[in-house]
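Chemist: Right, I'll just put the structure down here and ask away after.
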Amino acid sequence: MIWEALKLAVKAIFRNTLRSFLTVLGIVIGVAAVIAMVTVGQGSSDRVTADVESLGTNVLIVQPGKDAMGPRRDGGQARPFGLKDVETILTEMPEVETAAPIGSRTLTAVFGNENHATQVLGTDNRYLRATDWPVVMGRGFTESEERSGKAVCILGETVRTELFGFADPVGETIRLGTLSCDVIGVLEAKGASSFGSDQDEIVVMPIRAFQRRVAGNTNVSMIFVAVRDGFSTDDVKLEMEFLLREMRRIGPEEEDDFSVMDMKQLASMLTGINNVLTGLLSAVAAVSLLVGGIGIMNIMLVSVTERTREIGIRLAVGAQGGQVLMQFLVEAVVLSLLGGVLGSILGLALAAVGAQMLSVPFTPDPLVVLMAFAFSALVGVVFGFFPARRAARLDPIEALRHQ
Amino acid sequence: MADTGMPPLIRLEDITRIYGTGEAEVRALDGVSFDIAAGEFLAIMGPSGSGKSTAMNVVGCLDRPTSGHYFFNGVDVAGLTRDQRALLRRHYLGFVFQGFNLLPRTTALENVELPLIYKGMDRTERLHRAREALRLVGLEGREHHDPSELSGGQQQRVAIARALSGAPEVVLADEPTGNLDTKTSLEIMALLVRLRQERNLTIVMVTHEEDMARHADRLIWMVDGKVAHDGPMPDGPLHGAAMVPGVTS
Ligand SMILES: Nc1ncnc2c1ncn2[C@@H]1O[C@H](COP(=O)(O)OP(=O)(O)OP(=O)(O)O)[C@@H](O)[C@H]1O
Ligand SMILES: [Mg+2]
């Protein structure tokens, strides 16, 4: 009986192919949007994780404030770190291989007629070494430059091309905001990050110069820590939290006013943001599935009216209400599943193109496709039920008389 | 009524069927009682609007009387649910309509198969039975024609094949020849008579045409929702006045 209903459904659907196609368009778009969204979102999460982990699984980031990147409960008033905190960490913790202070601002870099807004990072050679970021032209900072906070800088590849084109920048002087700064080197090109931001969009200067001439204070907004090989990052993290509490004299009842994040946490936080975005977009896309369902209900109601006589004939030869209901319900479900199939194909194609464009991996998840299928079947059942029930409840004589 | 101890196949007891209420009330059937024995060929005649179709629909379990009792094989149909009445139609009744009522864009074979699908018959058996029924009505070779590709007479043959494919006990035909010319009508009647004999069918037929009614062996004449005459097919003329008692022509 279900087989017969399936055959009938397919026949009825392809009897009016164009109409059926237009009917399922809403489902197609909904399913395609959800699948494309989730697949690309998943790909970009994977990419973020991979990127962050490529920084090294042995890296810890120390920041003032409880939730470094989330909303600050303390309104951003957490006590800042200073340069001597970096040194304390280095001397107190032999498990730490390097620790580097970091401060950052966005400033306009000017050379001659060219100007270019860029990120200015105050740090020192230790950071460049720990992140494996070689100077490919010119040189790194000298010890005396770092100590005295001389206004020298190393350019990221993008800033170099923007300001100097093909000319050699080493030895030239650029302006960063109001500060004049001698260019001493150029960093190796790194390319785009997981979020599409250009990592070469950067100017690096000694932290002391940054503090004095750019930030106007002695704060360190972030401490970058690399753990020595052979030590567990988790253990070091715990120990560091202990040390920092002591250094910042936090009482046993008080909460931390800083955070130590390892790369796993950082990755999961970043992918968390990504997932929330993906979820929101998918929810919007799911609304079109709902609209698609209403389209199906509409056309099924039309179909029931058009086929009233057929229903009358079926009832006359002995069809029971449930069998008529089943026939129309199966038709609605087949219709919406068809939309699900078309939508899945379209969605995967869109995701493949989108992944290519955003340069994230294309990793279709069979579970997502399956869910989209299940959901479109559900839409068919839910929105097909009302028309099908109407068909099943028709009065046989009136149905037979219907013209 | 012959007292055999067995209930008749069909018994109508004081059936009324009222459409509408109050001012607009129409008594389509007004106290109709009659029995139909298995194997009978009954013709129902009467003026337009006298309630013939309404009576057929009640007998066919497509409609429910407003009051009165309808016993099929001794079972009170009033006590059956909608689905049980569907089962009764499925297993015991076959319908032939004036307008043929075939499924459009569906081949003759598939139309004839329809009742068998609801009987839950498997495909091979179904095809066999449907072909057999089409052969019986003389439509061999037309199995794969759509109704739109068949003449009126051929369409009605398909409808008869469909009514018979489920091997019903009773065939209900409401003006089966109403849309056909006389020659074709006579062919259809000959077919019904032959099938009745071969299969020992009970046939109830509504008709306006005397020539068609003559093939039956019993006549009910209805007037204004009431049975005005009920008896063996008379030899004399079959017009209204002759049928209504107390009116002499
Ligand atoms: N669905 C309905 N609603 C209201 N009145 C109806 C309905 N069906 C039938 N009637 C009325 O019931 C009466 C009997 O109708 P019925 O169709 O049984 O007549 P009939 O004898 O078959 O007529 P005909 O020979 O023209 O087919 C008529 O007066 C008709 O108007
Ligand atoms: Mg009638």
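Chemist: Might you let me know whether segment B:50-63 holds any residue that is within 16 Å of ligand 2 (Cβ to nearest atom), outside any helix (DSSP H, G or I) and more than 14 Å from chain A (Cβ to nearest Cβ)?
Modeler: So the first thing to find is which residues in segment B:50-63 are within 16 Å of ligand 2 (Cβ to nearest atom), and the list is B:50-60, B:62-63.
Still in the running and outside any helix (DSSP H, G or I): B:50-51, B:60, B:62-63.
Imposing the further condition that a residue be more than 14 Å from chain A (Cβ to nearest Cβ) reduces the set to B:50.
Within segment B:50-63 (the criterion being within 16 Å of ligand 2 (Cβ to nearest atom), outside any helix (DSSP H, G or I) and more than 14 Å from chain A (Cβ to nearest Cβ)), the answer is yes, since at least one residue qualifies.
Chemist: Taking segment B:29-49 on its own, how many of its residues are away from ligand 2 (no atom under 12 Å from the Cβ), farther than 30 Å from residue A:393 by Cα and of a type in the set (Gly, Ala, Ser)?
Modeler: Looking only at that region, the number is 4.
Chemist: To continue, here is another question. I need a count of the residues in segment A:373-403 that are assigned to a loop (DSSP other than H, G, I, E, B), out of contact with any Gly (no Cβ under 8 Å at 6 or more places or on another chain) and charged (D, E, K, R).
Modeler: Restricting attention to segment A:373-403, the residues satisfying the condition of being assigned to a loop (DSSP other than H, G, I, E, B) are A:393-395, A:402-403.
Those still in the list that are out of contact with any Gly (no Cβ under 8 Å at 6 or more places or on another chain) too: A:395, A:403.
Next cut, charged (D, E, K, R) only: A:395.
Result for segment A:373-403: 1.
Chemist: In this structure, is residue A:403 polar (S, T, N, Q) and away from ligand 2 (no atom under 16 Å from the Cβ)?
Modeler: no
Chemist: Still on this structure, please answer the following. Listed residues B:17, B:85; which is open to solvent by 20 Å² or more (accessible area, probe 1.4 Å), within 14 Å of chain A (Cβ to nearest Cβ) and within 10 Å of ligand 1 (Cβ to nearest atom)?
Modeler: On inspection, the qualifying residue turns out to be B:17.
Chemist: Go through segment A:317-345 and give me each residue that's within 12 Å of residue A:27 (Cα to Cα) and open to solvent by 40 Å² or more (accessible area, probe 1.4 Å).
Modeler: Listed by number, the residues that qualify are A:337, A:338, A:341, A:342.
Chemist: Something else about it: Since residue B:102 meets every condition but one in (1) more than 14 Å from every other protein chain (Cβ to nearest Cβ); (2) away from ligand 1 (no atom under 16 Å from the Cβ); (3) assigned to a loop (DSSP other than H, G, I, E, B); (4) crowded, with 21+ Cβ neighbours inside 10 Å, which condition does it not meet?
Modeler: (1)
Chemist: May I ask you to list the residues in segment B:1-13 that are over 20 Å from the mean Cα position of the chain (by Cα) and either at pLDDT 95 or above or within 24 Å of residue B:171 (Cα to Cα) (or both)?
Modeler: B:1, B:2, B:4, B:6, B:7
Chemist: Right, another one. Just to be sure I understand the filter: pairs with C-beta atoms under 8 Å, separated by 6 or more residues or on different chains, first member in segment B:167-181 and closer than 21 Å to residue B:38 by Cα and open to solvent by 30 Å² or more (accessible area, probe 1.4 Å), second member more than 16 Å from ligand 2 (Cβ to nearest atom) and not in a strand (DSSP E or B). Which pairs pass?
Modeler: B:167/B:199; B:169/B:9; B:169/B:38; B:169/B:92; B:169/B:201
Chemist: I would also like to ask the following. Can you list the helices (runs of 4 or more DSSP H) lying wholly within segment A:227-338 that have 1 or more residues being closer than 30 Å to residue A:21 by Cα and either in contact (Cβ under 8 Å) with a residue 60 or more places away in the chain or away from chain B (no Cβ under 14 Å) (or both)? Can you show your working first?
Modeler: On the way: elements: A:233-247, A:263-306, A:308-316.
Because the criterion is at least 1 residues that are closer than 30 Å to residue A:21 by Cα and either in contact (Cβ under 8 Å) with a residue 60 or more places away in the chain or away from chain B (no Cβ under 14 Å) (or both), the helices (runs of 4 or more DSSP H) in segment A:227-338 that meet it are A:263-306, A:308-316.
Chemist: For segment A:346-372, give me each residue that is assigned to a helix (DSSP H, G or I) and in contact (Cβ under 8 Å) with a residue 60 or more places away in the chain. Outline the logic, then answer.
Modeler: Residues of segment A:346-372 that are assigned to a helix (DSSP H, G or I), as a first pass: A:346-357, A:366-372.
Those that are assigned to a helix (DSSP H, G or I) and in contact (Cβ under 8 Å) with a residue 60 or more places away in the chain: A:346, A:347, A:348, A:350, A:351, A:354, A:355, A:368, A:369, A:372.
Chemist: For residue B:24, state whether it is under 22 Å from residue B:224 (Cβ atoms) and loosely packed, with under 14 Cβ neighbours inside 10 Å.
Modeler: When the stated conditions are applied, residue B:24 passes them.
Chemist: Within segment B:1-58, can you find the residues that are hydrophobic (A, V, I, L, M, F, W, C) and free of Cβ contacts under 8 Å to residues at least 12 places away in the same chain?
Modeler: Of segment B:1-58, the ones hydrophobic (A, V, I, L, M, F, W, C) are B:1-2, B:6, B:9-10, B:12, B:15, B:18, B:24, B:26, B:28-29, B:32, B:34, B:36-38, B:41-45, B:55-56, B:58.
B:6, B:24, B:26, listed by residue number.
Chemist: I'd like to verify a number: residues in segment B:65-82 that are closer than 26 Å to residue B:26 by Cβ, touching a residue at least 40 places away in the same chain (Cβ under 8 Å) and surrounded by fewer than 17 Cβ atoms within 10 Å (Cβ to Cβ), how many?
Modeler: The total comes to 3.
The values are calculated or read from the model by the stated rules, or taken from the named source; none is laboratory data. No experiment lies behind these values; they were computed from the predicted model shown. All Cβ positions, even for glycine, are placed from backbone atoms using ideal geometry, and neighbour counts span all protein chains on display. SASA here: full protein model, heavy atoms, side chains in, ligands and nucleic acids out. Shrake-Rupley method; radii C 1.70, N 1.55, O 1.52, S 1.80 Å.
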